[in-house]
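Just so you know, all these numbers are worked out from the coordinates, no wet-lab data involved. Since the structure is predicted, the reported quantities are computational estimates derived from the model, not experimental observations. Cβ coordinates were reconstructed from backbone atoms using ideal geometry, including for glycine residues, and neighbour counts include every protein chain displayed.
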Amino acid sequence: MELSEVMRSQHACRYYKPDPVPLDLLYQAVELARFGPQGGNRQPVRFVIVRDVLRRARLGEWYAAAWTAYRAANGSGATPLASADGTIAKATWVGMSRPAKALADADQFAAHFAEHPAVIVVCVNIAATHPTDTDLGRLSVVGGASVYPIAQNLCLALRSFGVATTFTTLLCAREPQVKELLGIPAEWATACHLVAGYPAAPFPAKLHRAPVEQLAFLDSWDRPLAAPADGPREPTPEPRPPRRRP
């Protein structure tokens, strides 16, 4: 598949076939994902791939509880949802083109979480990251730069093999229980969870995203990056070097 097609159709899948994802395919996906960027090449990310029925059932129970709280806040208009200590605001609104359908699909996803073929727990050794924003008086996010690009690489690799994924962080609130369930060492934290499986419906042809002009700016925030006068163009493939004859 072309990289542009993979990137434009890698969505949050809510409905999966029961078919397991072959272990050799998961191996190939991780083999590709590991080349994602990370600070100092410290390689702080590990993946725990959960296929065991009982362990998935427990993860499903915890996910359903977390989703219920999120859904209640969304439905009551409580935006944002406060953190336990009241210091962090957590958004609950969704930016989908059809919010009601998106939430209904997410309800179904949560109700059947334990039935999804594989749940991949993305772990990070926080001591091996180098967050440079810890003194800014806000939530630190920079450490994720050594984690989430690799997680997204895994999603893209799986998509290229015809496997769908869902990227979720709701279960991170249950980190102590998840670590005990899966025997994750104390120095490792959970950064996100990826559900993986073959989609029950075809991959989408188009995803709903904000246009480039709302996302990128040139030199200053008040100057949106404009499309070329003759319209966007598909990237030109990089020429391959000539093959040497033996």
In whole Hz, with x marking every Gly and Pro, tabulate ³J(HN,Hα) for the stretch 111-125 from phi via Karplus 6.51 cos²θ - 1.76 cosθ + 1.60, θ = phi - 60°. 5, 10, 3, 5, 8, 5, x, 8, 10, 9, 8, 8, 10, 9, 8
On a full-extension model of 0.36 nm per residue, what is the gain between Ser140 and Arg71, subtracting their alpha-carbon distance, rounded to one decimal in nm? 22.3 nm
Sparsely packed GluC sites (Glu not before Pro) within the stretch 99-197, loop by DSSP, other Cβ within 10 Å at most 15: Glu187
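Enumerate by residue number the trypsin sites (Lys or Arg not before Pro) in the stretch 136-207 meeting two conditions: DSSP loop (anything except H, G, I, E, B), and at most 15 other Cβ atoms within 10 Å of the site's Cβ.
Values: sites: Arg138, Arg159, Arg174, Lys179, Lys206; in loops: Arg138, Lys206.
The qualifying sites are Arg138, Lys206.
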Which chymotrypsin sites (Phe, Trp or Tyr not before Pro) in the stretch 18-72 pass both tests, a DSSP loop state and at most 12 other beta-carbon atoms within 10 Å? Phe35
Once amide H atoms are placed 1.01 Å from N in the peptide plane, what residues at a sequence separation of 5 or more from Ala189, or on another chain, have their amide H within under 5 Å of its amide H? Val124, Asn125, Ile126
Between Leu225 and Phe35, 0.36 nm times their residue separation minus their Cα-Cα distance comes to what? 65.5 nm
Determine the distance separating the Cα centre of the stretch 115-185 from the Cα centre of the stretch 193-207; give it in Å without decimals. 19
For Ala164, residues with placed amide H under 5 Å, excluding near neighbours: Gly197, Tyr198
